[in-house]
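Read through the structure below, which is laid out as structure tokens, and then see the notes.
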Amino acid sequence: MDKFKKFCKNNTIWVVLIGFFILAAILSPNFLTWTNIKSVLMTESIIGILATGIMWCILSKGTDLSAGSMVALSSCIIASLTQLESYSMRMYPNLNMPIILAVLITLLVGAVVGAFNGCCVAYLKVPAFIATLGTQLICRAAAQIYTNAYPVPELKPGLKFLGQGMVFGVIPVLVLIFAIMLCISGFMLNFTRFGKNVFAIGGNDQAARVAGINVEFNQMCVFIFSSVCAALGGVLLAARSGVGNSAFGQSYELDAIAAATVGGTSQTGGVAKITGVIAGVLILGIVKNIMLLIGINAYWQNIVKGAIIIFAVVIDMRKNARKN
Amino acid sequence: MSEYILQMKEIVKEFPGVKALKGVKLDVRPGRVHALMGENGAGKSTLMKCLIGIYHKTSGTIIYDDREIDFETTQEALNNGISMIHQELSPVLERSVSENVWLGRQPMLNFLMVDHKKMRQMTLDLFSQLDVDIDPDELMKNLTVSQMQMVEIAKAVSYNSKIVIMDEPTSSLTEREVGHLFRIIRELRDKGVAIIYISHKMDEIFEICDDVTVFRDGAWVGQEEVKNITMDKLITMMVGRELDEMFPKTECEIGDVILKVEDLCAGKLVKHVSFELHRGEILGFAGLVGAGRSETMEAIFGLRTVTNGKIYKNGKELNIKSPVDAISNGIGFLTEDRRAKGIVPIRSICDNTILSSLKTYGTPLNHRKIRQDTQEYCGKINVKTPSIDELIQNLSGGNQQKVLVARALLNDPEILIVDEPTRGIDVGAKAEIHSLLSELAGQGKAVIMISSEMPEIMGMADRMIVMHEGDVTGELKREEFDQELIMKYATGV
């Protein structure tokens, strides 16, 4: 019994996840169908990719509010570069670009936006909240200007495969990409200098500086990574829905921050776990899904989501308080 | 009525996995200054925190003013006449001095509005009573650390407490201010206030204290009257062993010049500083708080912008823009501000040890080698911990400092700059760090040591540079060391 208690205490998040999973299975017979689970996974993958990026920002005591707008901007860019040659109203009538190149260009735009965020935060000492709030407005407007606020449709099948295709006929490519991003992020977090540096910066940036860590450069990299993740999210959203749209990604950054937070990324910096992010994404996804399945009013969904986020932080704070 | 104002009996405090207090006792009489001594981690601060309601004791009884108490909050302790001056100050920097003093108990004009005029007057009265000369309207952030300390002391006095607890109150005060503090303490004592005085500084204990209680490893060792005890006896009680030599200085060969600093300027507190450092030498930097010693070293280490001057190592000019450059040029630095600039509290000992040398472990990081190195270095300098995965915030100050020393050594620096390396750490750890520094010098490395403790710097240094308000005012060879001479240079006379 003691062992069980200890296990629950150390793995609260997984116990909660399993609890929600069982609850969902009991509440709705449709929950445990492969179609439903696949759809949950695919929907949450994009938020999840954003969350893996934003986790880094939060870990280094920052945040990234521009991620949602970045999704919109990058969905428009990738869509404009990969429209079918047969479509008569293409944005670039003479363009014939390999998909991989289009994706790279989009990610590069993400990197540039991230570098801008990083510059503001690391070198100009603008608080991350303000810097990324500014970029949020700028990116959204840039997407609207770029597309005149019209959707960009008729995308090449090669791109759509990223969002709709299956590997071996069962695993959605989207989910696979999420898994790869998790692996990359987890690897960086635990096995590279960069990861250790960011942990130290989040834990005590002054100590990190004295220890010979280039704090500014590492912060910059964090914001670049976060924005590249968001750009990738935008590419995948365009691929999944078959259009680019400047209205995409509304409040995605908040969902991603919520997922990272529920997953135990501490708002006071210096604490993060990649497995926590997975669990956080899944918990919020299951809650959203189950309420949809049993037909709860959409407004209520946000109330529940809000309560879960606050509850998660309360738990986190209590844990810290007990340690001190 | 009992002769004691405070009696703590059989106090036990357990933290998860650690028994910090193993049934200790403390008897304090009114109108006496009672010293509480012991190595770091002995449980002094823990006991005080149990008393004022920051921690809650696991068992035991506290009798204060003839009744049993167990305060839930510090507020309750304050209201009952027990105040504490903490080792780490936490002022509200953006507000004025008087607002800080009366925080949470401002005089009110009516039920809604604060009476600012009265508050200012009350502050002035309080300060004049204590002979403190600080403008009540000044913002806290514009004060020096020692001024903040005086404000904190005034605040504690203003509660009209029966017991005032002082945890290392002199750590950031200049000699003159210490004298001032002692006058205040004597005044309070004569009024019948009991003072619990926590300090590592022997001379202070013998100067100001009446009784002394010694703890070791969370247990009570003994209580004596100060006039009946010798310094050697006290040290023996604290460490449980005879310390035959505090400063194991070994004579070693002084080699060529390794570092040459020419005409260095950086901000207000580094004005045209020049000096040379030799291999195998421990170069002491003496001076009072605010003399610009730390600032000079931070400038050399790339933490401050250098506005003028040159730094040469082995005759080659260095261009140091940041600590990254300094470390890659073989300079190691141990900061004076362990908590703010040293440790990353929520990370493990292991992560803290290797923080400066991550480059050497490749990608992916070689975790096995990381653990090996941590074991080796932390073992070599005797860091006491159950495991290297323990969070560094759970260690005592002395052990945290040792981890930081390990961090610096892991880079194998040719020049090691240590700033107040033994501030606030216990006698045992102190001796260990001293012998380590001597050993490093013996290996032909060069050490710069800043210290405000006269016996330490006189015991350890081969040569000494004295600074006063950013200027080098004197340089002394070992055979010329003399307390009065150093003090003369340090005060700029």
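Points to keep in mind about this one:
- Checklist (1) crowded, with 18+ Cβ neighbours inside 10 Å; (2) modelled with pLDDT of 85 or more applied to B:H200, failing item: (2)
- Of the set (1) over 23 Å from B:G362 (Cα atoms); (2) within 11 Å of chain B (Cβ to nearest Cβ), all apply to A:G165 but (2).
- Residue in the stretch A:290-305 that is small (G, A, S) and buried (at least 24 other Cβ atoms within 10 Å of the Cβ) present: no
- Consider the stretch B:414-436 and keep the residues that are more than 20 Å from B:E295 (Cα to Cα) and in contact with a strand residue (DSSP E or B) (Cβ under 9 Å, 6 or more places away or on another chain). The one that is modelled with the lowest pLDDT is B:I433.
- B:D351 open to solvent by less than 10 Å² (accessible area, probe 1.4 Å), of a type in the set (D, E) and in the same structural domain as B:F333 (by TED's automatic domain parsing): no
- Residue match in the stretch B:381-399 (condition: facing chain A (nearest Cβ under 9 Å), of a type in the set (S, T, N, Q), crowded, with 19+ Cβ neighbours inside 10 Å and assigned to a helix (DSSP H, G or I)): no
- Any pair with Cβ under 8 angstrom, 6 or more apart, that starts in the stretch B:180-206 at a residue that is in contact (Cβ under 8 Å) with a residue 12 or more places away in the chain and ends at one that is part of a helix (DSSP H, G or I) and of a type in the set (K, R): B:I195/B:R189; B:I198/B:K44
- For the stretch A:116-135, the condition holds for at least one residue, the condition being that it is within 14 Å of another protein chain (Cβ to nearest Cβ), surrounded by fewer than 18 Cβ atoms within 10 Å (Cβ to Cβ) and in a helix (DSSP H, G or I).
- A:Y146 being in a loop (DSSP other than H, G, I, E, B) and either touching a residue at least 24 places away in the same chain (Cβ under 8 Å) or closer than 13 Å to A:S66 by Cα (or both): no
- Checking A:I58, A:I46, A:I78 one by one, the residue that is in a helix (DSSP H, G or I) and over 18 Å from A:G242 (Cβ atoms) is A:I58 and no other.
- B:V92 vs. criteria modelled with pLDDT of 85 or more and open to solvent by 20 Å² or more (accessible area, probe 1.4 Å): no
- Looking only at residues of the stretch B:325-344 that are closer than 21 Å to B:G379 by Cα and modelled with pLDDT of 90 or more, we find that the one that is nearest to the other protein chains (Cβ to nearest Cβ) is B:V344.
- All positions within the stretch B:328-347 that are buried (at least 21 other Cβ atoms within 10 Å of the Cβ) and small (G, A, S): B:G332, B:G342
- Whichever residue in the stretch B:263-305 is of a type in the set (V, I, T) and farther than 29 Å from A:N214 by Cα and, among such residues, is farthest from the chain's Cα centre (by Cα): B:I282
- Residue check, B:P455 out of contact with any Leu (no Cβ under 8 Å at 6 or more places or on another chain), surrounded by fewer than 22 Cβ atoms within 10 Å (Cβ to Cβ), closer than 30 Å to B:F215 by Cα and not small (G, A, S): yes
- When residues of the stretch A:191-226 are limited to those that are at the interface with chain B (Cβ under 9 Å from one of its Cβ atoms) and either of a type in the set (G, A, S) or within 19 Å of the chain's Cα centre (by Cα) (or both), the one farthest from B:D419 (Cα to Cα): A:G195
- Out of B:K341, B:K445, one residue alone is among the charged types (D, E, K, R), touching a Pro at 6+ places or on another chain (Cβ under 8 Å) and more than 25 Å from B:K19 (Cα to Cα). It is B:K445.
- Selection within the stretch A:24-43 - open to solvent by 10 Å² or more (accessible area, probe 1.4 Å), part of a loop (DSSP other than H, G, I, E, B) and hydrophobic (A, V, I, L, M, F, W, C): A:L32
- If the condition is being open to solvent by 20 Å² or more (accessible area, probe 1.4 Å) and touching a residue at least 24 places away in the same chain (Cβ under 8 Å), then the stretch A:158-177 contributes A:G158, A:K160, A:F161, A:L162, A:Q164, A:V175, A:I177.
The values are calculated or read from the model by the stated rules, or taken from the named source; none is laboratory data. Bear in mind that the values here come from a model prediction, so they are computed numbers and not experimental data. Glycine also receives a Cβ, built like all others from the backbone with ideal geometry; neighbour counts cover every protein chain displayed. Quick note on the areas: whole protein, heavy atoms, side chains included, nothing else; ligands and nucleic acids left out. Shrake-Rupley method; radii C 1.70, N 1.55, O 1.52, S 1.80 Å.
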